[in-house]
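Novice: After the structure tokens below, expect a handful of questions from me.
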Amino acid sequence: MQRLIEGVHRFHKEEFGRYSALFRKLSKEGQNPHTLFITCADSRVLAELVTQSKPGDLFVVKNIGNIVPPASAVGSTNSTAAAIEFAVEVLRVNDIVVCGHSQCGAMTALLEPPSTNVALPHLAQWLKLATPVREILEKDYASLATPDERATAAAEENVLFALENLRTYPCVQARLADGSLSLHGWFFKIATAELFAFDPESRQFQKIAEPAA
Ligand code: ZN
């Protein structure tokens with residue numbers, strides 16, 4: 001806790017000056033983020049840092065394993081579904097990014113449920129939503145040798161599964177149909193902080209290229 005408190009003070013002393021006008025403007029005018037960014041709760045995945053986004057830019061949902069439940073599986077208390085509706089219908093974001101990552105504990109747990117004595121009923125229930133990803137891994141990726149390779153493949157397939165599930169939400173369907181919303185699948189490699197985007201043509205995740213000047 002001490003580190004957090006020191007950070008709060010350091011932020012106000014050293015960083016806030018650069019942002020004070022922006023925060024004041026956002027407090028008056030409200031938020032108008034351009035992107036809904038759905039990523040993992042993992043402490044190593046920092047959407048704003050690696051995309052150099054400012055306050056007001058991203059509407060971020062972090063959950064275990066950046067899972068997007070299909071609309072049919074959503075109960076009235078699902079916070080990810082609530083955030084999707086709000087971002088798409090009210091904030092009118094232009095883009096949704098689902099960003100998985102390397103060394104994702106959720107993917108490892110999905111593939112090899114931990115033999116733990118600790119009861120984690122909510123977590124087990126949540127990961128069940130991604131069962132189809134485990135089935136794809138068993139069917140199509142049996143040749144992968146190492147747990148790390150399997151976890152990476154699972155993270156990538158899980159992003160594609162999330163994009164598929166996003167398309168089951170009526171609010172997303174409507175905005176895709178009128179061309180005002182785009183979906184993107186990304187993958188973050190922790191060791192090098194590189195970002196890869198899914199290219200539907202090659203069906204591969206490719207390193208995000210610098211925009212042409
Ligand atoms: Zn993760």
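Novice: If a residue has to be under 25 Å from Glu194 (Cβ atoms), without any contact (Cβ under 8 Å) to a residue 60 or more places away in the chain and part of a loop (DSSP other than H, G, I, E, B) to count, how many in the range 34-74 make the cut?
Specialist: Within the range 34-74, residues that are under 25 Å from Glu194 (Cβ atoms), without any contact (Cβ under 8 Å) to a residue 60 or more places away in the chain and part of a loop (DSSP other than H, G, I, E, B) number 8.
Novice: Quick check on this structure: which one of Ser72, Ser20, Ser53, Ser43 is open to solvent by 40 Å² or more (accessible area, probe 1.4 Å), of a type outside the set (D, E, K, R) and more than 21 Å from Thr152 (Cα to Cα)?
Specialist: From the options Ser72, Ser20, Ser53, Ser43, the qualifying one is Ser72.
Novice: Every residue in the range 101-132 that is on the phi > 0 side of the Ramachandran plot and free of Cβ contacts under 8 Å to residues at least 24 places away in the same chain, please.
Specialist: Matches in the range 101-132: none.
Novice: Which of the residues spanning the range 23-33 are open to solvent by less than 60 Å² (accessible area, probe 1.4 Å) and part of a helix (DSSP H, G or I)?
Specialist: Within the range 23-33, Leu26 is the sole residue that qualifies.
Novice: A follow-up question, please. Filter the range 75-112 down to the residues that are open to solvent by 50 Å² or more (accessible area, probe 1.4 Å) and either part of a loop (DSSP other than H, G, I, E, B) or among the small types (Gly, Ala, Ser) (or both), then identify the one that is farthest from the ligand (Cβ to nearest atom).
Specialist: Restricting to residues being open to solvent by 50 Å² or more (accessible area, probe 1.4 Å) and either part of a loop (DSSP other than H, G, I, E, B) or among the small types (Gly, Ala, Ser) (or both), the top hit is Arg92.
Novice: Of all helices (runs of 4 or more DSSP H) completely enclosed by the range 123-213, which ones contain at least 2 residues that are open to solvent by less than 40 Å² (accessible area, probe 1.4 Å) and more than 20 Å from Glu112 (Cβ to Cβ)?
Specialist: Where helices (runs of 4 or more DSSP H) fall fully within the range 123-213 and carry at least 2 residues being open to solvent by less than 40 Å² (accessible area, probe 1.4 Å) and more than 20 Å from Glu112 (Cβ to Cβ), they are 147-166, 170-177.
The values are calculated or read from the model by the stated rules, or taken from the named source; none is laboratory data. Every value quoted in this text rests on a predicted model; they were computed, and no experiment measured them. For neighbour counting, all protein chains shown are included, and Cβ atoms are generated from backbone atoms with ideal geometry for every residue, glycine included. Heavy atoms of the whole protein, side chains included, go into the accessibility calculation; ligands, DNA and RNA do not. Shrake-Rupley method; radii C 1.70, N 1.55, O 1.52, S 1.80 Å.
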